[in-house]
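Q: The structure follows.
The values are calculated or read from the model by the stated rules, or taken from the named source; none is laboratory data. Being a predicted model, the structure only gives us computed values, none of them experimental. Please note: Cβ atoms are built from the backbone with ideal geometry, for glycine as well, and neighbour counts cover all protein chains shown.
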Amino acid sequence: MSVLLLRDVRVVDPLGEWRGDVAIEDGAFAALGQGFSLPGAQVLEGEGRTLLPGFVDLHAHFRDPGFPEKEDLQTGSWAAAHGGFTAVSLMANTDPPCDSPEVVRYIREKAQALNLVEIYPVGAVTKGLRGEELADLEALAPYVWAYSDDGKGVARADVMAEALRRARALGKPILSHPEFPGVGHPLGEELMVARDLRLAQETGARLHLQHLSSPGSARLLQEARSAGAPVTAEVTPHHLGLSQERFGDYRVNPPLPPTEGVRGELVAALRAGAFAAVATDHAPHTPEDKARGAPGISGIETAFPLLYTTFVREGLLSLPELSRYLAFGPARILGLRKGLVRPGYDGDAVLVEEDEGFVVDEGSFFSKSRNTPVLGMRLWGKIWATIHRGEIVYIKGRLRGRDFDDHRQVVGAG
C-alpha cells in the first residue's frame, strides 16, 4: 500500500476550494482534512501552493509513429507532465495512421512502458484518413476510446453518417474536425458543424466537435444541444487567448480569431457553457516545417499558464471554472474518474505557483518543438509538480524516468 500525503495545500476543484492536507492511497484520493498524520506516508510539503485536479487533454498530437523529428511518445509525455496533464487523447493522423489495431497497440504498449501519463489513442474514421472508406471500427474498438480523422474533415455525408451509426453501436463517440475545404473559414467550419449536428440528431450517436473557432459554430452547437442532440465540444487555449489582431497571422488550423472582438465572442460562448472542455491541440513541428507553413502550435506546456494569465488573473474566469474545463469536463467525455479532489477519484493532481511569473523562451519546453506565438510572453501560474495516481511524475524541472526513478527520492517521510 502506497500513501502520499500532500501537506498544506490550497485545494481548488470545480466544487470549490479549501486549505489543508490531501492523502492519496493506492492511486486514489483517500482523505482530506487538516493537520492529520499518516505513519509511513511519503510527504510532499505544499507550503501553501495551489493544488488542482490533474488536467485531461482531449486533443493532442505526439507524432508517434512517423514523425520522430517533431515529437515522440516519450517527449510528448514529458511535455504533458510538465504542463500538468495526467491523461492525453492522441489523434490518429500518424504515419502509418491509427486505422489498424497494430498501430494502436504500438502506441498503447509504448505509453504503458513509459508509465508517465495516461495515453488514450483515437482510431481513424476512414482508411488512410482519406475520407472514402470506413476503417474497421469494430477491430479498433478494443483499443481506442473514439474515432476521428482529425487534420481534415470527413467530407462525404454518407461516410460520416455510417461512421456515426457504427460508432453508436460500439458505444464510442466520433470526434469531428469540422472543415469543408475550398469555401473559406469560418463558412467551411460552420457548414460541417451544421451537417454533423444534424447527423448526430438523426443517428443518436455521440458527437464531439473539435477545436471550434467560429462564434457561429458555437451558436449552432447550443441550438442543437437545446434540441437534445448528444453533442459536446472543445475550444483551444490559443483560440481563446490569442488573435491575429494582436499576434499576427500565425499559421494554425483552424486560424486564430481575426480580431479581439471575435476572440471575445468565443470567450463569451465558453462562459455561457457552449464548451465542455478546453483541449490543447498540441501540434509540434520542426522549425523547417513551420517555415514551410505547417499549421499548429506546440501548446500542451503553456496551456494552463496562458489561460490562467489571460482569464483568471483578469477576473474573467474563476480558478474552479478553469479547473472544470481542463479536468472535470474532458474527464467526463473520456469516461474517466478524474477531475475532482474527492475521495474515490483518481489521485491525479497539479501543484501550481500562482504568483510565479516566467517568460516563455526556448528553455521553457520539454517537447522537441517550440512552435508557438507566445515566445517572449510573460505568463503566470507556473506548474511546480504533477502527480499521477499518487506518483510524482514531474517536480521542479525534474521528470520521473529521466531525472529520478521513484517519488521517494524527491519527498520526505511522514
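Q: Looking at the range 17-29, can you tell me whether even one residue there is under 18 Å from the mean Cα position of the chain (by Cα), part of a strand (DSSP E or B) and of a type outside the set (Gly, Ala, Ser)?
A: Checked the range 17-29: no residue is under 18 Å from the mean Cα position of the chain (by Cα), part of a strand (DSSP E or B) and of a type outside the set (Gly, Ala, Ser).
Q: Let me ask something else. At least 3 residues that are of a type outside the set (Gly, Ala, Ser) and surrounded by fewer than 19 Cβ atoms within 10 Å (Cβ to Cβ) in each: list the helices (runs of 4 or more DSSP H) lying fully within the range 180-257 that qualify.
A: The helices (runs of 4 or more DSSP H) meeting that bar are 187-203, 215-226, 244-247.
Q: Being part of a loop (DSSP other than H, G, I, E, B) and in contact with a helix residue (DSSP H, G or I) (Cβ under 9 Å, 6 or more places away or on another chain) is the filter here; which residues of the range 88-114 pass it?
A: Matches in the range 88-114: 92, 93, 94, 96, 97, 98, 99, 100.
Q: Being β-branched (Val, Ile, Thr) and out of contact with any Pro (no Cβ under 7 Å at 6 or more places or on another chain) is the filter; apply it to the range 258-296 and report the residue that is surrounded by the fewest Cβ atoms within 10 Å (Cβ to Cβ).
A: Result: 259.
Q: Next question. Looking at the range 273-305, which of its residues are more than 17 Å from the chain's Cα centre (by Cα) and part of a helix (DSSP H, G or I)?
A: Result: 287, 288, 289, 290, 291.
Q: Go through the range 325-344 and report how many residues are within 19 Å of residue 81 (Cβ to Cβ) and either part of a loop (DSSP other than H, G, I, E, B) or at pLDDT below 95 (or both).
A: Adding up the residues that qualify gives 4.
Yes/no per residue for (1) small (Gly, Ala, Ser); (2) touching a residue at least 60 places away in the same chain (Cβ under 8 Å); (3) in contact with a Pro (Cβ under 6 Å, 6 or more places away or on another chain):
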| site | (1), (2), (3) |
| --- | --- |
| 352 | no, yes, no |
| 360 | no, no, no |
| 365 | no, yes, no |
| 373 | no, yes, no |
| 381 | yes, yes, yes |
| 393 | no, yes, no |
| 399 | no, yes, no |
